[in-house]
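The values are calculated or read from the model by the stated rules, or taken from the named source; none is laboratory data. Note that this is a predicted model, so its numbers are computed, not measured. With ideal geometry, Cβ positions are generated from the backbone for all residues, glycine too; neighbour counts draw on all protein chains shown. Accessible surface is based on the protein model in full, side chains and every heavy atom, while ligands, DNA and RNA are left aside. Shrake-Rupley method; radii C 1.70, N 1.55, O 1.52, S 1.80 Å.
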Amino acid sequence: MPPPKDVVKIAIQMVGAIPQLIELQQTKPLASVLKDVCDAWSLPNAERYALQYADGRQTYITESNRRDIKNGSILRLTTSPDQEAERLYTGIQSKNVDVKTDSLKKLAGLSQDVTFAQEFISRNGLKQIYSIVEEGNDTGEMLAHTLKAFTELMEHDFVSWENLSTVFIKKIVSYVNMNAVDASIQQLSLSILENMVPTSRLLFELVKKEVTLDRLLTHLQATNAELQLKAMALLIALLLSATDTERRDMMDYLREKNLRQFIHKNIIHSSEPLGDEMAHYLYVLQSVSLNLCEHRMKTSMDPYSQEQRDLLQSLRQTAFESESEVPAGSFSTERRRSLCAKEFRKLGFMNNSNPAEDLRRAPPGLLALDNMVYFSRNTPNAYSRFVLENSSREDKHECPFARSSIQLTLILCEILHIGEPCSETAQAFYPMFFGQDHFFEELFCVCIQLVNKTWKEMRATQEDFDKVMQVVREQIIRTLSLKPTSLELFKTRVNALNYSEILKLRQTERLHQEETLAVPVLELREKLKPELLELIRQQRLLHLCEGTLFRKISSRRRQDKLWYCRLSPNHKVLHYGDVEEGVQSPPIESLPEKIPVADMKMLLVGKECPHTKEKSSGKQNKDVLELAFSIVHDMEEYCLNFIAPTRYEFCLWTDGLNVLLGKEMTSERTQTDLDVLLSMELKLRLLDLENISIPDNPPPVPKPPSNLNFCYDFSHAEQ
């Protein structure tokens, strides 16, 4: 008979004593439980002791977290958090270096526990840590333990980062700026500054002033991957906290220092595989850089701005230079205005008498004008060829350069998500972005020539403009999905994907769709579905058994802390626990926490999750909502909260958990996988019917014969 819900069977250890096996009454006060345990070992002063987990993070057991204790948990009797905090508070003030170092080392480990951290901070322990950093000249093991302890204590958000003194901050900065200092100290110092920057404008300005971009670039070029990662984290924190003007200045400086080329060569194409954290930072760097175009994209052309009018006129003059060389006095004002209007019409402006009107739409606003000017100045031959080639065609067959440029700029802004906030979890970046200065403008130059090429291939007229741009959008999206490593490779692939290829791809997709819509095929699909859905269920459970690495994300910043969760091979228990960076697939025995599948009550996703509700007071990030899910267990009182690393993982985990709960798989990935498997299975089943049309209705059953004399009686043959 299973024990009641309020009773868990556990083991309690103590050094030098035989472990106790007890039934823990969850309704009984923890102080009484401790008294009973101490009495069994004849220990006085039970209030000086506490229970903590023997494995994993060794968290202290309190009234608030005692419900997390599961059957079979192993606990340890140890000194209470207040006693331990007092002991270490005294130890870190010791004049004996060994005692002080050991105390700081123990402090760094225990500070992860929220109960201990609260006790230590309440004794003004952080003040002692400030003193060790501010007054000490040590740059060895003692300092490393001090900085680690400080980082862990601040992680609990009991104390504001704004309370830090300028002396302390400058001391941390000095470790970053030193050359002869241990890499672990520099990593911790960079991490502290990264946490500090987003909390206030004052701290941002102080760090930006004291830690130069040159110094961060030096750390980025280090061979130590962890140091490189922390330097990138601080750089990203500075960029995200800066104003638009500051961000632009910083990006201009980084461009001068060839940061992109360095990243492209030494990080993206490094011999070491790119980690999730670095991939996220590269995505953010790409997003921040592209979003510098947002202001121009949202700004309409001002017809009274002389600078903007000059840019517009430069387009006409570059295209029709020889015609513009005629002296101004040769034509009347009216004749000259008529000539300009004619030339703007040849350039493809819809409003040729006042071309500024075409650029009043925002987006793409002035960004379209910038792109056209860049194309005309940096590739003048291609620009002139585009304009003059279309000027010589019939009016209805000419490809309008200006109109195409405006629409293409809008398409590129949508594809590259310009103007959208950075995701907290995304890792998708384009490798070719880091191999090219002026990426957006250069991409435009390639794509506008693609527009002209596709226009000719389609033999398009003005009425086909939207169709052409739709094909061009498809060409760009399909090519970008291949993740080309350079703009040259993108150019080669996108030009190879001509209109004929697009038509073939569309026809293949359409034929496949038509094939699968025939009535007999639909019936076969329905018969195959249960078998294939079972296959998908097994794959989802297998994925849960392999496990996934999850990140802890707070409202303040993207966390470095990782935890792993996996399903037991018998599909009866979920195992999870914290892991260190770099651990790919920890064995199931190393994950101390567990949830029996039988105790799981329901699955929550998105806004229903408790950890998304906690963050809803601030600016909610859409992508976090799309990746959040929670398992409700133990009488709907407790939740295990997840933020999936990708949408793919979200789909596999929510499907797998629904299978464990005996519910239908509801993610979009299930439908995609089912369609792929059905398609493959149908093709295999219908191989013998290739080039034979399948009727919508089955053929009629023939009438029975008038007699059965044609049947042969085998029994006579045997005689």
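Some points to look at:
- Test: residue in the range 637-644 that is free of Cβ contacts under 8 Å to residues at least 60 places away in the same chain, in the same structural domain as E593 (by the TED database), not in a strand (DSSP E or B) and not hydroxyl-bearing (S, T, Y): no
- Selected residue (only one of V446, V468 is open to solvent by less than 30 Å² (accessible area, probe 1.4 Å), in contact with a Phe, Trp or Tyr (Cβ under 9 Å, 6 or more places away or on another chain), in a helix (DSSP H, G or I) and farther than 30 Å from L239 by Cα): V468
- Selected residue [in contact with an Asp or Glu (Cβ under 7 Å, 6 or more places away or on another chain) and more than 19 Å from D113 (Cβ to Cβ)] from Q25, Q20: Q25
- Residue in the range 135-145 that is part of a helix (DSSP H, G or I), more than 15 Å from L188 (Cα to Cα), in the same structural domain as L88 (by the TED database) and at pLDDT below 90 present: yes
- Which listed residue, of F440, F434, is assigned by the TED database to the domain that holds L366 and either in a loop (DSSP other than H, G, I, E, B) or in contact with a His (Cβ under 6 Å, 6 or more places away or on another chain) (or both): F434
- Filter result (among the charged types (D, E, K, R) and open to solvent by 20 Å² or more (accessible area, probe 1.4 Å)) within the range 139-169: E141, K148, E155, D157, E162
- For E47, the conditions (1) within 30 Å of Q128 (Cβ to Cβ); (2) assigned to a loop (DSSP other than H, G, I, E, B) are fulfilled apart from (2).
- Selected residue (only one of L217, L202, L285, L239 is more than 22 Å from K561 (Cβ to Cβ) and not assigned by the TED database to the domain that holds E152): L285
- Residue ID - modelled with the highest pLDDT, chosen from residues in the range 557-603 that are of a type in the set (G, A, S) and open to solvent by 50 Å² or more (accessible area, probe 1.4 Å): A598
Okay, residues lined up against (1) part of a helix (DSSP H, G or I); (2) under 30 Å from P698 (Cα atoms); (3) modelled with pLDDT of 95 or more:
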position	(1), (2), (3)
A460	no, no, no
D464	yes, no, no
P484	no, no, no
T508	yes, yes, no
E526	yes, yes, no
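- Residue match in the range 483-503 (condition: over 33 Å from the mean Cα position of the chain (by Cα), open to solvent by 70 Å² or more (accessible area, probe 1.4 Å) and either charged (D, E, K, R) or under 24 Å from I418 (Cα atoms) (or both)): no
- E501 meets all of the listed conditions (1) part of a helix (DSSP H, G or I); (2) out of contact with any Lys or Arg (no Cβ under 7 Å at 6 or more places or on another chain); (3) at pLDDT below 90 but one, namely (3).
- Subset of the range 20-40 [exposed (fewer than 14 other Cβ atoms within 10 Å of the Cβ), among the polar types (S, T, N, Q) and assigned to a loop (DSSP other than H, G, I, E, B)]: T27
- Per this entry, S174 is not counted among residues that are in the same structural domain as G109 (by the TED database), buried (at least 16 other Cβ atoms within 10 Å of the Cβ), farther than 21 Å from F120 by Cβ and among the polar types (S, T, N, Q).
- Any hit, the range 56-68, residues being open to solvent by 60 Å² or more (accessible area, probe 1.4 Å), of a type in the set (D, E, K, R) and outside any helix (DSSP H, G or I): yes
- Look at the range 469-486: where a residue is at positive phi and a partner is not basic (K, R), sitting 6+ places away or on another chain with Cβ atoms under 8 Å, you get K483/Y430; K483/P431.
- Single residue of V114, V97, V133 found to be open to solvent by 30 Å² or more (accessible area, probe 1.4 Å) and over 23 Å from L34 (Cβ atoms): V97
- Pairs with Cβ under 6 Å, 6+ apart, first in the range 604-615 and in a loop (DSSP other than H, G, I, E, B), second modelled with pLDDT under 75 and among the small types (G, A, S): K615/S555
- Residue that is farthest from the chain's Cα centre (by Cα), among those in the range 449-473 that are among the aliphatic types (A, V, I, L, M) and more than 17 Å from A402 (Cβ to Cβ): M458
Each row is one residue, and each column tells you yes or no for (1) buried (at least 18 other Cβ atoms within 10 Å of the Cβ); (2) outside the structural domain of L259 (by the TED database); (3) polar (S, T, N, Q); (4) modelled with pLDDT of 85 or more.
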| site | (1), (2), (3), (4) |
| --- | --- |
| A341 | no, yes, no, no |
| N390 | yes, yes, yes, no |
| F401 | yes, yes, no, yes |
| Q407 | yes, yes, yes, yes |
| I415 | no, yes, no, yes |
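- Qualifying position, being assigned to a helix (DSSP H, G or I), of a type in the set (V, I, T), surrounded by fewer than 13 Cβ atoms within 10 Å (Cβ to Cβ) and at pLDDT 90 or above, among T654, T672: T672
- Inter-residue pairs, beta-carbon under 6 Å, first at positive phi and in the range 423-447, second in a loop (DSSP other than H, G, I, E, B) and surrounded by fewer than 21 Cβ atoms within 10 Å (Cβ to Cβ), 6+ apart: none
- Qualifying positions in the range 563-586 - closer than 23 Å to D599 by Cβ and assigned to a loop (DSSP other than H, G, I, E, B): S568, P569, N570, H571, K572, P586
- For L686, the conditions (1) within 19 Å of E531 (Cβ to Cβ); (2) at pLDDT 80 or above all hold with the exception of (2).
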